[in-house]
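Please read the structure below before turning to the comments.
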Amino acid sequence: MDKYDVKLMDRALRDLDDIYAYIAGTFLEPDIALKMVGAIEKEICSFDHMPYCCPERKHGMYAGRGYRQLFVKKYTVICRVDEEKKQVIIVTIRYSSSAF
């Protein structure tokens, strides 16, 4: 089984920082914020062995262009697989009140 590199784009890294800041700052719950970011990171790390574990995005931004989506609680991780470089590139992580 091939192993893939998981690369977070700058925007995805900022998204994780923003998720933490929002939960910790707005709700004054830094422990919950840390757990949420940790849960998202754990799911992202699973891409190293299973890059195609989630479906292609069919709705919204990035739809129909080969991007994939992973739902983690109320967040959607948008990524694409680069077979040539054996990488899964995490593009963004967005709040989503409902999953498609």
statement: So the strands (runs of 3 or more DSSP E) completely within segment 1-84 holding 1 or more residues that are hydroxyl-bearing (Ser, Thr, Tyr) and at pLDDT 95 or above are 75-82
Of residues in segment 18-35 being of a type in the set (D, E, K, R) and surrounded by 11 or more Cβ atoms within 10 Å (Cβ to Cβ), the one nearest to the chain's Cα centre (by Cα): ASP18
field: Which listed residue is more than 17 Å from LEU13 (Cα to Cα), within 11 Å of the chain's Cα centre (by Cα) and either surrounded by 17 or more Cβ atoms within 10 Å (Cβ to Cβ) or without any contact (Cβ under 8 Å) to a residue 60 or more places away in the chain (or both), from ARG80, ARG68, ARG57
entry: ARG68
message: among the acidic types (Asp, Glu) and in contact (Cβ under 8 Å) with a residue 12 or more places away in the chain: is that true of GLU41 in this structure?
response: yes
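The values are calculated or read from the model by the stated rules, or taken from the named source; none is laboratory data. Note that the structure is a prediction, hence the values are computed from the model and not measured. For neighbour counting, all protein chains shown are included, and Cβ atoms are generated from backbone atoms with ideal geometry for every residue, glycine included.
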